[in-house]
Each structure stands twice: as C-alpha cells, then as structure tokens.
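Right, one structure below, let's go through it.
The values are calculated or read from the model by the stated rules, or taken from the named source; none is laboratory data. Note that the structure is a prediction, hence the values are computed from the model and not measured. Glycine also receives a Cβ, built like all others from the backbone with ideal geometry; neighbour counts cover every protein chain displayed. Protein only, heavy atoms only, side chains kept; ligands, DNA and RNA dropped before computing areas. Shrake-Rupley method; radii C 1.70, N 1.55, O 1.52, S 1.80 Å.
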Amino acid sequence: MLESGLVMSVKHTVFRHLNIDERAAMSLTPFMSIIRALAVLGPCVIATAAHAGPRLDAIKARGHLNCGVAIAEPGMSEVQDDGTFQGFEPDICRAIAAGIFGAPNVVFAPTETLALFLENDEIDLVIRGLTQSFRRDVGGNVHFGPVLLYNGQTFLVRADLHVENFADLSGKTICVSSDVYADFFPPLQHYFESNGLTFHGIGTQTRAESEARFFDGQCDAVTADYAELASAVIRHAEDATAYRILPGHIEEEPLAPLLRKGDDEFDAVVDWAVHALVNAEALGISAANVDALRASTDPAILSFFQEPPIASGLAPDWTSAIVKATGNYGEIFDRHLGAADAAHLPRGPNRLWTEGGLLYAPPIR
C-alpha cells in the first residue's frame, strides 16, 4: 500500500528519534500500525517533537543567543574597539550558539555580576569568571553548567626571580587586594604557616592596585586565581615570557557557565556543547580538519558527527558547526590564554585526562 507523505514524514521522524533502522522495522506490523495512527495526529506529534522548553524555544524564535560576559578581562573576555568581543568566554558562547543554530549567532551583554544576570531575564546565560560553589548552587535560582576552567588561587612572579614553587615565596613580599583578601587571606596564611613558611603580605584596596604594584616592582609576587593573573599578564606585560604563573593552587576556583534553574532543555544544550569541545580535542578534531574527518571510518569519530535527536534543540550538524565556529577546547584555550603573545598560561589541570589533566567529557554516542 502506498503511504501518504505525512505518514512517511512522521515515520521517518519517529525512526530517527528512536534510532530505529527503517528497513528492519518494516516487518513489525503492530509498530507500523502505531506509526500510521500517529500520522493522524500529524501536527501535534511534530509540534511535540520540536518543543524544546521555554528558554530554548525563545532563543530559537529570536534567532540568537544572549550571552553575558565581561568587557575588560583580557584573555577571558574583553570588548574590542570595533565593538566585537574576544576571549575564552565569548568563544564558549559562540560554540553554544553554533550548537543551537549551526552558526555562532550571539549577542553579547556586559554582565559583571550575578545581580545583573538575575535582573535581566533576556540574558540566557553568563559565561563569566564565576566560581561554582555550594552557596551559589544550592537554595537559589541559579544553576551551574559543566566546568569550563579548572581555576585556583596561585601566584604571579617575575621569571628572573627564579621562584619555582610556593615554598620559594617564603619571606617574599606578596601583594593581596582586599577584594581577594577576604576570601583568600585565611587559607593563604594557613598554607604558609602549616608549611613552615613566612608570609609577608601587602594589602591593597583593589586587584588593579595589586597588579600595578607588582608590575611596578613593589612586591615580589601577586596572588589571585589563574584566570585573573592571566588577564593581568596580557594587560600589563610587554613580554609574557618575562613572567610566570606558578603551577599548583591553594584554593579551588572552578569556573562554570551560570544559568537559571528550570531551563532544563537549554541546560542540556549548554552541557553538550561544552562536552563536544572537549570530545573534539580528545578525538583530534580541529577547525582545520573537521570537514575531512567526516569521512573517517573511526567509530568514535563517526559517532561524534551523528545527528542529534529531533527534540534535543540542537542543529543537525551541531558538533561540526561548533568546531568550525571556535575550534576544539584546546584551540580556544591556546588562542586566548596559552599562547606566548597571550598570557602564556600553562594548561595545567585544564589538559585532557589522558595528558595528566582533569578534562574529561561523556562520549557522544
């Protein structure tokens, strides 16, 4: 019997959604009867499959992602003279948008604080240097996505000081700003004392003042988290290799996307866009070879390029669109933070787990 176009369309949709081989299913008479019955409902079935949750539906309807970022954190996120945004965080926004639209359709919104995010419901998420913590994640209206940067409190020193580790800072002068001081001073002091080291801190009112004093030679080291110190090097140093961000950390400061609770479908898209960046690096898929590797016979790579379920809210070619838009995770990190003309920041814990780091993503299969 010849099938109507609607029956064929609904059948293809359900087969794709359930990952069922159409030829194998042809012999399943009861199953085919269900498919034909679903076709009677036509528009209702299709509308249900396309529904992706209020937030994600709104994003698709407007045609772009509204992403909150900083405007003056070099390497992480800053606005250029022409009004464009550059940095690690804007590229994460572009990757998420590419996963949704197949292209990096993003409008950036300067969002420096949690309060600004909560006040403006039009901002879909914030990719900002905000640490995921218990008090922020529990009991409020916000939700954190997957960790984007394994960050932590450490020290920036001049390379010619020949400081190799934290112990070498004993007795050295360390600039600490009051906005960091409240959070970092107790563990900083405890670390030095518990390791038999001498802590000599110089307090300042702001991080900008601490940085200025350090680069002016008034202290031997300045302390903040990796991301902030990387921005300081880009902002102040003529030669990034003349400075060194010490490996290791005293306090953990993992940075993650900030979303609203209840946006479950959108949360899943954000999660898997980030996972795709990490998986791409692990599989050796880059902006330069993404098209060529679509012809690969490697099962893991073929799985990476598979189309998503229709109801996912992701573009059909979501993974390749993400990599084309920004490169893989390693490419984003190196471009904005790791290169010698950037902050020369070591990957450290942000290396893949196979290389001794913490980066690990669920597989796309």
Have a look at PRO187, PRO110 and point out the one that is surrounded by fewer than 17 Cβ atoms within 10 Å (Cβ to Cβ) and farther than 30 Å from GLY63 by Cβ.
PRO187
List every residue pair whose Cβ atoms lie under 6 Å apart, where the two residues are 6 or more positions apart in sequence or sit on different chains, the first residue falls within segment 107-118 and is closer than 20 Å to ALA95 by Cβ, and the second residue, located anywhere, is in a helix (DSSP H, G or I) and modelled with pLDDT under 95.
THR111/PHE117
Options ARG347, ARG335, ARG351: the member that is touching a residue at least 60 places away in the same chain (Cβ under 8 Å) and among the charged types (D, E, K, R)
ARG335
Helices (runs of 4 or more DSSP H) fully within segment 1-105 counting 1 or more residues that are open to solvent by 10 Å² or more (accessible area, probe 1.4 Å), modelled with pLDDT under 50 and out of contact with any Leu (no Cβ under 6 Å at 6 or more places or on another chain)
5-18, 22-25, 29-41, 43-50
Applying the selection to segment 334-365, what residues are surrounded by 17 or more Cβ atoms within 10 Å (Cβ to Cβ) and over 18 Å from ASP271 (Cα atoms)?
ARG335, HIS336, LEU337, GLY338, ALA342, ALA343, HIS344, LEU345, ARG347, GLY348, PRO349, ARG351
Restricting attention to segment 122-139, and to residues there that are free of Cβ contacts under 8 Å to residues at least 24 places away in the same chain and part of a loop (DSSP other than H, G, I, E, B), which single residue is least open to solvent (accessible area, probe 1.4 Å)?
SER133
Within segment 195-263, considering only strands (runs of 3 or more DSSP E) that don't extend past its boundaries, which have at least 1 residues that are under 26 Å from the mean Cα position of the chain (by Cα) and either crowded, with 22+ Cβ neighbours inside 10 Å or on the phi < 0 side of the Ramachandran plot (or both)?
221-225, 243-245, 258-260
